[in-house]
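Everything on this sheet refers to the single structure shown next.
The values are calculated or read from the model by the stated rules, or taken from the named source; none is laboratory data. Values in this document were obtained by computation on a predicted structure and should not be read as measured data. Glycine gets a Cβ as well: all are built from the backbone with ideal geometry, and neighbour counts include every protein chain shown.
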Amino acid sequence: MTHHHSPLPPATPRLDRVLPAVATSLGVPGLTKGGDRPLRPARRAVVVLVDGLGAQLLARRGGHAPFLRQLLQDADAARTIDCGFPSTTATSMGTFGTGTLAGAHGLVGYEAYDPDTDSVFNELSWEDGPAPRRWQPAPTVFEAAVEAGVGVTRIGPGFFDGSGLTEAALRGGSFVAASSLAQRVDATLRAVRAQPRGLVYLYWGDIDKVGHVHGCDSHEWVAELESVDAELARLASSLPRDTALHITADHGMVDVPLEARPDIATDADLDAGVRHVSGEPRCVQLHVRPGARDDVVDTWRARLGEDALVVTTEEAIEAGWFGTVSASVRPRIGDVIAAMTGPVAVVDSRRHRPELRSLLGVHGSITADEVAVPWLVLSPQEQ
């Protein structure tokens, strides 16, 4: 399959601007920035985040998604945005939920280095992680909306309620647990109708799950897209006329052959000078021993060649990958970052379980396949 090396145009808005713009359309003050997407004022809004629904995947498979395709073909409704860096769920949830980029919210990868404990923890499971509100103290957009008198309801799987990632990135308002997508759509419709002024957030994770296991080029992925499209069409047709519908995603995906996955744990060259490995297989963050940085950069560049962009953290920050980086977040980011651009992923079997290492679909890096996500809007019909 082709891998699109070209990043998105520099002026592409990022995922951090979605919720602030939606909240602004509902009358929440103080969240706008110049260049934000102008949205029609609304009494109520639903924001659906479909995990793993990359813009390139949707463009290629739109024939299987008539409802989404119709929105994609409407110039007023459809935008392609950049999920931010790295292109991974934990980071994107921070970006989406706080309205800031990773350099500010500090959820810097699937696995993150905690300088206070000199150890790495998983920001999705949050196992042995720090206190979530200390790790990410800034208010979320949901909290700002609640403060402005907008009812906020978040709908997802029960285990999200009160989880570390939810508390860090998506706290605010009330949570409703529902399992199937149909049940979540029903819960969304109930929540919308219960609030004269409301913001409802619906999360769906199975496009990502299916893509990881079967690959995003698989029949299973297409079948999941078809069922998501049908449920989102039902949601759109059932919403009250004064309600806006926004559909977006946290990242895309690429398929990488299992044989193209060097393992740091069994590769003395890649392991040389490295103290900790964080990030993810498509975007490795290396925390190096004192004085080892330049050697590590040279070794990784030589090994990965054209298949990766290997940079120092300074270079990544200067290029704006993380947005503005705060002093408290800077020590969490590796000294060297290897962002894969070709069909390759680098694993570490000391940390990555076999089932993670065997996932076919992966993401985290800077290619357009991974960072481009849709932002589709169905504006309210009337006020």
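Only residues that are part of a helix (DSSP H, G or I) and closer than 28 Å to residue 56 by Cβ were counted in region 248-305, giving 5. Based on what the data block shows, is residue 65 among the small types (Gly, Ala, Ser) and within 25 Å of residue 34 (Cβ to Cβ)? No, not satisfied.
Of the listed requirements (1) at pLDDT 95 or above; (2) part of a loop (DSSP other than H, G, I, E, B); (3) charged (D, E, K, R), residue 351 misses just one: (1).
The rows are residues; the columns are (1) surrounded by 22 or more Cβ atoms within 10 Å (Cβ to Cβ); (2) over 24 Å from the mean Cα position of the chain (by Cα).
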{"site": "242", "(1), (2)": "no, yes"}
{"site": "245", "(1), (2)": "yes, no"}
{"site": "251", "(1), (2)": "yes, no"}
{"site": "257", "(1), (2)": "no, no"}
{"site": "263", "(1), (2)": "no, yes"}
{"site": "270", "(1), (2)": "yes, yes"}
{"site": "275", "(1), (2)": "no, yes"}
{"site": "279", "(1), (2)": "yes, no"}
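Of the residues contained in region 230-246, none is found to be in contact with a helix residue (DSSP H, G or I) (Cβ under 9 Å, 6 or more places away or on another chain), in a loop (DSSP other than H, G, I, E, B) and more than 30 Å from residue 27 (Cα to Cα). Considering 326, 365, the condition of being hydroxyl-bearing (Ser, Thr, Tyr), crowded, with 24+ Cβ neighbours inside 10 Å and at pLDDT 95 or above is satisfied by 365 alone.
Conditions tested, residue by residue: (1) under 19 Å from residue 144 (Cα atoms); (2) crowded, with 22+ Cβ neighbours inside 10 Å; (3) among the hydroxyl-bearing types (Ser, Thr, Tyr).
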residue: 16; (1), (2), (3): yes, yes, no
residue: 35; (1), (2), (3): no, no, no
residue: 67; (1), (2), (3): no, no, no
residue: 85; (1), (2), (3): no, yes, no
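The residues of region 288-322 that are in contact (Cβ under 8 Å) with a residue 12 or more places away in the chain and under 20 Å from the mean Cα position of the chain (by Cα), listed by number, are 316, 317, 321, 322.
Here's the yes/no breakdown for (1) at negative phi; (2) aromatic (Phe, Trp, Tyr); (3) touching a strand residue (DSSP E or B) at 6+ places or on another chain (Cβ under 9 Å); (4) in contact (Cβ under 8 Å) with a residue 60 or more places away in the chain:
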site: 55; (1), (2), (3), (4): yes, no, yes, yes
site: 58; (1), (2), (3), (4): yes, no, yes, yes
site: 66; (1), (2), (3), (4): yes, no, no, yes
site: 75; (1), (2), (3), (4): yes, no, no, no
site: 81; (1), (2), (3), (4): yes, no, yes, yes
site: 85; (1), (2), (3), (4): yes, yes, yes, yes
site: 93; (1), (2), (3), (4): yes, no, yes, yes
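Among the criteria (1) crowded, with 16+ Cβ neighbours inside 10 Å; (2) touching a helix residue (DSSP H, G or I) at 6+ places or on another chain (Cβ under 8 Å), the one residue 321 does not fulfil is (2).
Yes/no per residue for (1) of a type in the set (A, V, I, L, M, F, W, C); (2) within 12 Å of the chain's Cα centre (by Cα); (3) surrounded by 17 or more Cβ atoms within 10 Å (Cβ to Cβ):
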position: 29; (1), (2), (3): no, no, no
position: 44; (1), (2), (3): no, no, yes
position: 47; (1), (2), (3): yes, no, yes
position: 50; (1), (2), (3): yes, yes, yes
position: 60; (1), (2), (3): no, no, no
position: 63; (1), (2), (3): no, no, no
position: 78; (1), (2), (3): yes, no, yes
position: 104; (1), (2), (3): yes, no, yes
position: 118; (1), (2), (3): no, no, no
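Summed over region 194-228, the residues that are in a loop (DSSP other than H, G, I, E, B) and basic (Lys, Arg) give a count of 1.
Picking from 325, 329, 336, which residue would you name as being of a type in the set (Val, Ile, Thr), assigned by TED's automatic domain parsing to the domain that holds residue 286 and more than 20 Å from the chain's Cα centre (by Cα)? After ruling out the rest, the residue left standing is 336.
For residue 185, the requirement of being over 22 Å from residue 232 (Cβ atoms) and either modelled with pLDDT under 95 or aliphatic (A, V, I, L, M) (or both) is not met. When 331, 343, 380 are checked against the criterion of being assigned to a helix (DSSP H, G or I), surrounded by fewer than 23 Cβ atoms within 10 Å (Cβ to Cβ) and in contact (Cβ under 8 Å) with a residue 60 or more places away in the chain, a single residue qualifies: 331.
Taken together, 191, 145 contain a single residue that is in the same structural domain as residue 53 (by TED's automatic domain parsing), buried (at least 21 other Cβ atoms within 10 Å of the Cβ), in a helix (DSSP H, G or I) and in contact with a helix residue (DSSP H, G or I) (Cβ under 7 Å, 6 or more places away or on another chain), which is 145.
Across region 354-368, the number of residues qualifying as under 19 Å from residue 303 (Cβ atoms), part of a loop (DSSP other than H, G, I, E, B) and either touching a Lys or Arg at 6+ places or on another chain (Cβ under 7 Å) or among the acidic types (Asp, Glu) (or both) comes to 2.
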